[in-house]
Structures are given as structure tokens and as C-alpha cells.
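Heads up: the structure comes next, in C-alpha cells.
What follows draws every value from the coordinates through simple rules; no lab data is involved. Keep in mind it's a predicted model, so treat the numbers as computed, not measured. Ideal geometry is used to build each Cβ from the backbone, glycine not excepted, and the neighbour counts take in all protein chains shown.
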Amino acid sequence: MEDRGGNGNVTRASEACRQFDSDLEAYLEGEARPGVDAHAVECAFCAALLADLQLVRAAAGGLEPDEPPARLWANVRAALVDEGLIRSPRQRGWWQWALRPVPVTALAGLLLAGFLYYMGSGGSLRHDAHVAQGAVALVDPNLAQSMDKMEQAFRVRAVGLDPRVKVAYEKGLDSLDAEIQECNAFLSQQPDDLLAREYLASAYTEKARVLASALELGDGNVQ
Amino acid sequence: MAMFNKKWCASQRISVLGRRAVRTVLGRCGLVLLLVPSGLLGAAAGNQLEKTIQCIPTPRISISNPPGGVVVVRGWDKSEVHAVCLPATPKVTIDCDQVPARGDAEKVRFTTQVLDTQAGSQEKTVNYEIDIPSGASLEIYNPSGSVTVERVSGDDGVESVSGSVSVRDGAGHTSVTSLSGAIELIRPTGRVEATSITGDLRFTASESANVHAQTTSGAIFFDGDFVPLGEYVLSSYGGNMDVACPTSDSVELRARTVRGKVNNELRLKHAQPRSPSAPGNGFGVQNQGDATVELKSYSGTIHVHSRP
Amino acid sequence: MNPTENRTSRAASDAQLVARAQQGDEQAFAALFDLHKRRVYSLCLRMTGDTAEAEDLSQEAFLQLFRKIATFRGESAFSTWLHRLVVNVVLMHLRKKGLQQISLDEVDTSQDDPVKREYGDDDKRLLHSIDRLTLSRAIDALPPGYRAVLVLHDVEGYEHNEIAQILNCSVGNSKSQLHKARLKLRDALRSQRWQAPARAPGAADAAGNVGHERR
């Protein structure tokens, strides 16, 4: 029973109300708690609490989703195109990128595209004569020639580079050459090793980009 | 007054070694802006140059320092860019451009200009110390000398050749490339791409949900959380890899190597791989396998151990 | 179409679109975006309470989704996978902002105070109806932990076992936090003294507010 003070207000919850509180959470979760309904019939305050919580739950469930601003898709789409996840009709093809006014970068692009096409077509490196001599091994002579030209251009321009930067480039290229040589040697014995092929492709990609970077740095007035 | 047309790309990420920051921001979005150089920075005592620019809370900041030097950029809570630049000698100077030319800047660019091309390397370096709004996005090209970026929540793009790079509390998309410099990321929360050919890559207290790290002969150290539905790809060719994984994290781990070794100290359940690829040297699931962790090396040792 | 048929039909179209999106089909990306944009944005908005943040987070969530879509294997419903991703994006954002981490497992529920009862005539009166704007504001004002559970369960319709996985807590904690969130929400709504005249259950007022239980 409720305990009412002289002013007509209850000063503390009754034992039944406390039990109601204790069972309420489970009741609202759908568990059987017959005491909740029974007490709600007797106690107006607890009945109000129960009805309110049921209303809150229903109202929250009835909230309609909000409409996002129209620019949201435009921003998402632009980022997806930028990352190459979708191809925009307006996006330049790789051949247009390769024809940019920087011939060095064009060479790097053609080299990379050619190598990746070669690797993707399942080309075999088994018959590569350069492997035994430890040289950079590319079956396609055009690709090998392009890479050689870039390296020669780098050697010429490296003279004018900051010594620290020059050493960094040389060590980096040596490291990539070693990676290429090792992978080629391994793949000549185990051509189907996917991870080794992945590393070989990655090494060529990085080498092309490092050379392009070095050539751009050696260009113009930066040193 | 020199006027020149430039394209300023909305996305300021440098993920390819081989482009200058200036050309990198000449992106593909087709927006053409006229940059009006505001001339030389105001000279303070000696060679030090100092400038304060009022800007919007999320400006785009770019620093192009081809001769190299020490670059420190810190995020702060003011809508101002405050730059202190120290050229080694008067043979080099700094241009500062802002767009728009008047009012709060939306873009600010610092470019080191060499005045005497015959000067030696050490005579042309410039050190930058810049405070920028923490919501700014940032693009730095600094081939030699260290780069430190702290508390920037916009996208960061840093390109170096021989210098080390340290990015702390980066909350945006962080993209860092260096040729021989070490790369350190402390408490990143945004997406991270880090590449060094011979330098080490170190992640400390990472909370990022997307990490791609690659090195050829450097080592990789990863100590951080593997967030549910996160994607982590760490690749080293010849260097070793050390990965600490909290025991409470939910990861699907694949470790592959061609000629190296995988030392796995985690207690993993072996389950069907979710990602389509060839089976590797080590695969397993910790807890529910919510994060995807891929560790690769050619000849380095991959060591995975637990962290409480 | 009833809700179950709706869900089945949606799942089937999701599967087809996902397959096409995995091949880089732009129209499939656009269609998936269109199908889910409102729920994603609303989830971000309700969990952060800020329209600018919600827009940024929605963009980040869709980008992550489309980057990862190749790894979706169909073990769960696409919409569940998507919403887990969205919640993770939001949680990461809240952590980054330095807000109190939503760690429901740390809450000690054994010493709960009973529901306060300051009995007076007003306390017998029901809420009767709640307008959308007032409710949205009240939800936004909840502490992050309560807000997250309430939004995920009552607004988005996740089950407690799903919420436990998403928020890295126990099912019991999810239930108790939800109950506390509803109580807090009720207190907030009552303190605003919005009370409307009593209506018959099922009848809507001019603002479209309905005072009957929908579940």
C-alpha cells in the first residue's frame, strides 16, 4: 500500500512498487511478468510509468529516417571515381594520363601498364635469359628498354641532386632491383607462386614511380 | 604581379611517390582558380620570416620545400595560420599564396624558391614551423629533413625522400610516402596509407580502421587496436614485421610469406577464410574475426603476439 | 507488401546490386546508395545529434562500404553488415572527439536506484503523445551510451544480441541500458511539459502524433 504523508504525497515507493520497478525491464522485453499488469491496475503512478515507457518505445520506433543532403552522393561518387572503384565516363583513360606533358611520367605509366598486362596474361618468366646474369628481367624488350632509358636519365640528373637525396634514391633503387632479381629467380623455378608474382609486380611499380619522382626532382630549378 | 592558373584538387592525398606536392594538388576535379601571390613573407629579425593569416576553420594548407629542411606543423584551435620560416641563407626565400586574396583564406600555400641555383644544398634549406587550424587538410612535400605533423584532423598527405616523417593524432586520411626515411604514426584514428622503400614503419596506439603499410627492406612495427570491420594490410619485402594484437580484439588473421617465417603466438581458431585468395602460411580467427588483418612478406619474419 | 515480404524483397535486390557493385558497376553503387542513404544518415544523425557531422560520417561510411564491398560474402544480411559498419564509423568518431567512451560493460547495474517517485497528481498523467521534433531533441540530449542503445534498439530495430556485438557489451547490459535510456527519455519529455490533451488510442492529432503502441 502507498505510504502517504500529511500533504497527500507519497514519500517513498511501496514494496509493490519496488517489485514493479524490478520486473518492468523484463516485462518490456517481452518476458512474462504477470505482477506488472496486476500492479498497474492498482497503482496509478506505476500505470502511468508503464504507459509512458511503452509510448516512448513506440514513438522512437515510429521515427522516420531523415533525408540526407543531395550533395552526399556527389561527394561519395567523386571519391569513388578518384579511388578508381568506379569508372566515370568523364575520367581520363590511362592513355590520356600517359600523354601528359611530363614524358618521364608517361614512360612510367606505359611501363607499368605494359608490365601489369603482361603479368595478368599469365606470362612466363621461365625462359628469361637475363635471370642467370642477375640483371633486371623483363621478357618484353620494349618494357625493358623503357625502364633502362629512365634509369639512364636518372643517372645523368642525379649528379645535380642533394647528396642525401641522391644516396636515398640510389639505395632505394638498389633495394628494388634486388627484389626484382630475387623474385625473378624464384619465379623461374616456381612460376605459379601468386605472392611472389605480387611482389614482383609491386617492385616494378615502385621502381617506375621512384624513377619518375627522381627525374621530376632533378628537373627545373629545385636544386 | 605574377598570375598563374592552377587546378586545386578537392582531394589532397598523395599516395604515389614521384609527384611534387604542387603538382599533386593539380588534380583532376576541373576547378580552376587564380592564385595571387601575396609576395614574400614579412621579415622578422635576422633571416626568420613570420606571417599570420586569418582563415576558415578547415582550410587547405600546402607546403612545398624542395631543398628540404625541418618541417613542423601543429593543429590548434584558432582559425589562423601562423608560420615561422627560417631560410638557411638569403639565397632562398618563401612565397606565400592565399585564396581568396582577401578575407578568410580557404587555401594557403607555402613554396620555397631558390634564388641562387649555384648555392650549395645546405645553403638552400628552409625550416618551417606552422600552426594551422586543427580541422585543416594538409599537403607537404619535403624531400630531405624531418617532417612532424601533430593534431590535424583533416586529410594529411606527406611526401619525403630521405627525411623521417612523424604524424601524431591524425584523424583524417593520412597518406605518407618516404624513400629511405622512417615513418611513424602515433594514435592515428583515420585511414592510413604509409609507404617507404628502405625506411621502417612504426604504428603506436593505432585506432585506425583502415591501414595499408608497405616497405621493401624496412621493418614494420604495429601496436594498436584492430577495430571491428577494419581492414589492415601490412607488407614488407625483406624486412621483419612485429605485430601486437590485443587479446580482446576480434580479428581474422592471414599471414603469408614466400621465403620468410611466420611466428604466431596468438591462439587462433582455424576457420574458413572470408576473403577470396589462396591459402597462406598462417590463417586463423580470434574471437569473432571482425577485423581483417593481412600480413605479407617475401623473406622477412612475421611475428604476431598478443598484447593484454 | 507486409514488413516481412518487404524485407525479403529488399534482401534479394541488395544481393543483386552487391554482386554488380563488386564488378565496379556504377549504377549498382548508386542504387545501393539510394536504397540505404536515409537509414545511414539517420543513424549517424541520431547518434551524433549534429547534421554536419552526420553528413561527414555518412560519406565516410559509404566510402568504407564501397571499398570493402568486394569482401562481403553474404554471411549476414547486407543491411546488417552496412549498419554495423556505420555504427563503427560513428563510434570511432565519438572516441576521436574525446567523448566518454560508450563502454556499457563498465556500468555496474547491481546498485541501481529504484525509479524516483515524487508522487503528486501530475505524475499520474500520461505523456499521451510525443511530437517528432521534441522526441528527436530529447534523444540527442541523452548521454552517448544511452543514446546509442536506444537508437539501435528502438529506432533502428536491432536485437540485443546484435547490439551487444556492435557495442562490445553483454546482452544483459544492453537491456539494462536500454531501460535506463527510456526512463531518462521519459523524464526529459515530462520535464518539458509538452503534455497534450488525452485522445482515444489510435487517433492522430493535427501534427500526426499517435498515442498508441505500434509494436
Q.
Can you give the local net charge around B:Lys124? Use residues other than it whose beta-carbon is closer than 13 angstrom to its beta-carbon, Lys and Arg +1, Asp and Glu -1.
A. -1
(Q) I need the P(r) histogram for segment B:174-308: all alpha carbon pairs, bin width 10 Å from 0 out to the longest distance, whole percents. (A) 14, 48, 34, 4
Q) Other chains near C:56-67: what is the mean number of their Cβ atoms within 10 Å of each residue's Cβ? A) 5
Q. Under a plain spin-label model, where a point goes 7 Å from the Cα along Cα-to-Cβ, how far apart in nm are A:Ser22 and A:Asp174?
A. 7.8
Q: Per residue of segment A:172-183, in order, report the coupling 6.51 cos²θ - 1.76 cosθ + 1.60 (Karplus, θ = phi - 60°) as ³J(HN,Hα) in whole Hz, putting x for Gly and Pro.
A: x, 5, 4, 4, 5, 4, 4, 5, 5, 5, 4, 5
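With 10 angstrom as the radius, rank B:Tyr128, B:Tyr232 by how many other C-beta atoms surround their C-beta, starting from the fewest.
B:Tyr128, B:Tyr232
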Q. Using modelled amide H (1.01 Å from N, peptide plane; none on Pro or chain starts), what sits under 5 Å from the amide H of B:Val73, excluding residues fewer than 5 places away?
A. B:Ile130, B:Thr148, B:Val149, B:Glu150
Q) Which residues' amide hydrogens lie under 5 Å from the amide hydrogen of B:Gly282, considering only partners 5 or more residues apart or on another chain, with H built in the peptide plane? A) B:Ala255
Q. How large is ³J(HN,Hα) for each residue in segment C:45-59, as worked out from phi by the Karplus curve 6.51 cos²θ - 1.76 cosθ + 1.60 (θ = phi - 60°), to whole Hz, x for Gly and Pro?
A. 5, 6, 7, 10, x, 9, 5, 5, 5, 4, 5, 4, 5, 4, 4
Q. Each label point is 7 Å from the Cα along the Cα-to-Cβ direction; what then is the distance between the points at C:Gln27 and B:Thr301, in nm?
A. 5.6
Q.
Between A:Glu83 and B:Arg267, what's the calculated FRET efficiency when r is the beta-carbon distance and R0 is 35 Å? Round to 0.05.
A. 0.45
Q. So how do C:Arg46, B:Arg259 line up by other beta-carbon neighbours within 10 Å, fewest first?
A. B:Arg259, C:Arg46
Q: Over segment C:120-191, calculate the relative contact order: mean separation of alpha carbon pairs under 8 Å at least 6 apart, over the residue count, as a percent.
A: 35
Q: Between B:Gln122 and C:Val171, with labels modelled 7 Å along Cα→Cβ, what's the label distance in nm to one decimal, could you check?
A: 7.1
Q: Inverting the mean 1/r over all pairs of different Cα atoms, compute the Kirkwood radius of segment A:8-61 and quote it in Å.
A: 11.7
Q: Pairs to check: A:Lys207/B:Lys261; A:Lys166/A:Lys207; A:Lys166/B:Lys107; A:Lys166/B:Lys124; B:Lys51/B:Lys124; B:Lys296/C:Lys68. Give those whose C-alpha atoms are more than 22 Å from each other in this structure.
A: A:Lys207/B:Lys261; A:Lys166/B:Lys107
Q: Sort B:Lys296, B:Lys51, B:Lys269, A:Lys149 so that the residue with the fewest other Cβ atoms within 10 Å of its own Cβ comes first and the one with the most comes last.
A: B:Lys269, A:Lys149, B:Lys51, B:Lys296
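Using the Cα atoms of segment C:120-191 to build a convex hull, what is its mean projected area in square nanometres?
If I average the Cα hull's projected area over directions, I get 5.2 nm².
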Q: Work out the mean other chain Cβ neighbour count within 10 Å for the residues of C:23-29 and drop it here as an integer.
A: 3
